[in-house]
Each structure stands twice: as structure tokens, then as C-alpha cells.
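*Asks:* Got a structure for you, questions after.
The values are calculated or read from the model by the stated rules, or taken from the named source; none is laboratory data. The structure presented is a predicted model; accordingly, all values stated were derived computationally and were not measured. Every residue, glycine as well, gets a Cβ built from its backbone with ideal geometry; the counts of neighbours run over all protein chains shown.
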Amino acid sequence: MSVAGAIFPAATTAGGFLLVLMLVLPVLAVLATLVLGGRHARTVAMLALPSGLVLAVMLGSELVQSGQALVYVLGGWAPPLGIALRADGLSAAMLVTTIVILLAVAVYGDGDFPMSAGARETRAPFMFWTLLLAVWGALNAVFLAGDLFTLYVALELLTFAGVPLVCLDGRPETLRAALRYLLFALFGSVLYMLGAVLLYGTYGTLDIALLAGLVRPVPAVVAAAALMTVGLLAKTALFPLHLWLPPAHAGAPAAASAVLSALVVKGSFFLVIRLWLDVMPGIITPLAGQLLAGLGGAAIIVGNVVALRQTRLKLLIAYSTVAQIGYLFLMFPLAAGLVAMNLPADPAVTGGLLQAISHATAKAAMFMGAGLIYATLGHDRIADLQGVGRQLPMTLLAFALGGISLVGLPPSGGFFAKWLLLTAALLTGQWWWVAMMVVGGLLTSCYVFVVVMRALVAVDGEKRPKMEIPRYREAVVLGLASVSFLLGLAALLPTDVVLIGRPVISAVGLP
């Protein structure tokens, strides 16, 4: 039996039914909002999301107890004739992260999109709550799908749930931003599908576990890898394919920006991991890994430099997202370098995923905090943030904690992630990525420091806020930022959850 076959069983495992429930629950919730009407969309979401958290924790617990991937074969037909759902450590970590962030966004969004009993039904609240559930369902499908075509379908569902979040207010500028996002996403979809067609024509299957034991470095497979990777980079907004991301954030509601930055772009990044490390670990060359990380390095420098030049807080955070996405792609040459030295690639893989999770929690908190600042002051001009530290103390603290995680200071998740990546870079002699991470951290610290110091400046007299912000909304933002700040404590866990049920990359054979 191949390594992939041993890691990913071909039959349903104990606990596999949880995978089905993770897909069925959000679908039923979306259908319920459509049947019951807009006035009940918020209620449905507030009932479904906590239930989803319970399911995600149960799935993670089952994975840890079993020590192997969870599998559910749909209809009893094993691949390649049938479709299998699979959950390994990567999947479980992203499922829990997704539902935690969506719960925080839902509680926060209740202030911007209220749906009180007896109130007149309006379009924006109904769309927000329905799309929030749709994003959840699409992400669950991305994290659990076991074949490349189902992943394609899930990614398209994610796109069509994410794009409308950009233009909930219906203004011309937000509609233009949504259209640009859609064009980039469709461009990426076409390239991904062309690559999948090449793979299916070569091997007659798109199942990840089966392909892992079949793929060889033939021209058709190399072309498929290139097409699919470029398509996914467009959806992930990696430099220079990031042009859709800042305009999308500029006019989107803060809750929508939190979902887009924290979660939607992570769906396509998750597929890059699946493609490079699970489907084609023996096809991707070290040179390709260096090229991909080179784009990530360019994103780190360009994104941070442009962020420093922004005058609006929300655009600063948006360009910071461009920079932080770059860190995610440093894991690939580091993993290849470790395997070339006959060492396990675990530090690079764990560091890359932890970087994604810490960025997701920190950036969601920062976008929501920026929304509260805008609501309080009536603007988000960085030069005029004086006094906001007194008006919104918990929000400013949340922004600072999120910034600490982005910079990579202990005990944040960003620190632990960068520590793992730095360790891998030093072990493999790739010192240039060490320098890139240090420079990126210094640039990030500059704009975090500027924002915090501006907000702490005292003003003469008490500024009257444009809107009174309930403390619970500040508490939600602070809670999510605290999660990002304390993620570094994951180093104390007895088990590396990310690696459960995953193939040993050195055994599969990266060149």
C-alpha cells in the first residue's frame, strides 16, 4: 500500500459522519433563511453558528483521539468511482478557525445589520446573514473535499458568496470593486479547471489520495501544476495578482472585510497546500518553490511599504493583508529544503498554517476595530485619530494585540509561526528568507506604532462620538485579537494537531 493510501483510507472511518454534518448544517441554514424570510435570517445564523462550533470541536477531538484522518465515502462508492470527504489536521485546524471567526463576526455584525422583530425587511441585512452562512458552508467544503473537482466547486461557491459581501451597500464604487474581484476570481477558476482537466486526462481520476501515488513529472502534469497554481494565486491575491483586494476592502462593511481578509483568501491558499504538498509533492521543484516564495517576498515588501503610505486606516489594513499573505508562501521552499536534507518538513508546514490562522484572527479583529473607529469618529483618517484611545480603549488594545501578532512578538501566534519558519530557513541555509521576515516585521511594526500612537494622543475637551458603540462589540473585537495574541501557547500542546493524518512529506518525496 502506498503512503497516501495508508494515510487516507478508502473506506468510511469512525467519526466520518461528522464530516457530512459539517456540510449539511450550513446548507440547511442557508435554505432556512430563504424559506423563512429576511426577518429570521439573523436568528437562523445565531442558532447555526454555535452549533457549528460544537461540531468542529467534536471533529477535532475525534481526530486527535483516532490519530488518523477522518473519511466519509459518499454513497458507499469509493474513489475513483465515488467521492470521499476527508479531514486531517490541516482541515480540523481551519474548520475551528473559520467557525470561531464567523461567530465573532456575527456578534459584531449584529450592530451593523440588525433585524429586530416587527421591523421592515431590508435587503442588506438579509444578504449579509445569508452570505455569512454561505461562506461558512463553502469553506467547510473546501477544507473537507477529497478530490480536485469537488474542491473546484467549493471554491466557486466561496467566490460567489464572497463577491456580494463587497457591495452590500449597492454604491457604484463598491459594485466596480466587486466586479473586479469577480473577474480575477473567474480568471483563476478557468486556469484551475484547465489544470484539473489535464490531470484527469492523464490519470483518469482527480482524487487527491489516488493522484498522490500516480503523478509523475511528465509535461502534462507540470503544465497542470503551473495552471492551477497561477489560478489559485489570483484568488489568494498574492502579488502581483492582488489588484482586486484593496478596492474590495475600501468600501465594504467592516464585518465583510473581516470575512474576506481572514477567511475567503485562505480557502484558495488551502488549495495551494493541497496541490503542492498532497497531490504533487514529487513534481514541484525547489526552483518552483523559490519562485513562489519570491512572489511572497515581493508581497511582504510592497504591501508593507504601500501600507505605510496610506492615509485611511482601512486601506492600511488592506495593504497589510497583501503583505501578510506573502508570509504564507515562504513555507514551500523551506519544506523542500528540509526534505532535501532528509529531514521532516513538519516545522515549515506547521509554521505556514499557524501563520495563516494567526493572520486570520488578527486581521479580522483589526478590520472590525477599524469599523468601530469609523462609526465613532465618522472617518478613519489616520492623521485625525487623536482621542480615540479614550473613547474606544478595548478597540485600541485589540488593534495593538493584532499588530503584535502581525509583527511576530511573543507569545503571539505570529511569533510561533515565524519561529518555526525561521528555524526551517536556518536549518536549510536559506538565510535570505530570514532577512525577508525580519525586514517585514520591522516595516509592520512601523505602521502599527503610528496608528497606536496617533490614537493615544490626548485632545482638549471631550469629543462627542458620532455613534455610541456598545461595549459588547468592543469585547468581541478584543476577544478575537486575544486569541491571535495567545496562539503562540499552541507550542505547549502535547500533540501537533496540524500533522495528524497527514502523509510524511519526506517519505512521499519532494525533490
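*Asks:* Being surrounded by fewer than 24 Cβ atoms within 10 Å (Cβ to Cβ), over 23 Å from VAL44 (Cβ atoms) and modelled with pLDDT under 90: is that true of GLY146 here?
*Replies:* Criteria not met by GLY146.
*Asks:* Something else: Could you tell me which residue of the range 483-505 is modelled with the lowest pLDDT, considering only residues that are within 22 Å of LYS418 (Cα to Cα), buried (at least 18 other Cβ atoms within 10 Å of the Cβ) and small (Gly, Ala, Ser)?
*Replies:* This residue is ALA490.
*Asks:* Would you check if ARG464 is more than 19 Å from ALA362 (Cα to Cα), in the same structural domain as MET394 (by TED's automatic domain parsing), more than 28 Å from the chain's Cα centre (by Cα) and assigned to a helix (DSSP H, G or I)?
*Replies:* no
*Asks:* Return the total of residues in the range 299-336 being of a type outside the set (A, V, I, L, M) and closer than 22 Å to LEU385 by Cα.
*Replies:* 9
*Asks:* Has the range 452-466 got any residue that is under 28 Å from ALA298 (Cα atoms), touching a Gly at 6+ places or on another chain (Cβ under 6 Å) and touching a residue at least 12 places away in the same chain (Cβ under 8 Å)?
*Replies:* Among the residues of the range 452-466, not one is under 28 Å from ALA298 (Cα atoms), touching a Gly at 6+ places or on another chain (Cβ under 6 Å) and touching a residue at least 12 places away in the same chain (Cβ under 8 Å), which makes the answer no.
Yes or no, residue by residue, for (1) among the charged types (D, E, K, R); (2) outside any helix (DSSP H, G or I):
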{"residue": "VAL153", "(1), (2)": "no, no"}
{"residue": "THR159", "(1), (2)": "no, no"}
{"residue": "ASP169", "(1), (2)": "yes, yes"}
{"residue": "GLU173", "(1), (2)": "yes, no"}
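*Asks:* Now for a separate question. Report the residue count in the range 438-482 for those that are acidic (Asp, Glu) and crowded, with 16+ Cβ neighbours inside 10 Å.
*Replies:* Residues meeting the conditions: 1.
*Asks:* Further, regarding this structure: Counting only residues that are among the aliphatic types (A, V, I, L, M) and modelled with pLDDT under 85, how many does the range 253-292 have?
*Replies:* Number satisfying all stated conditions: 5.
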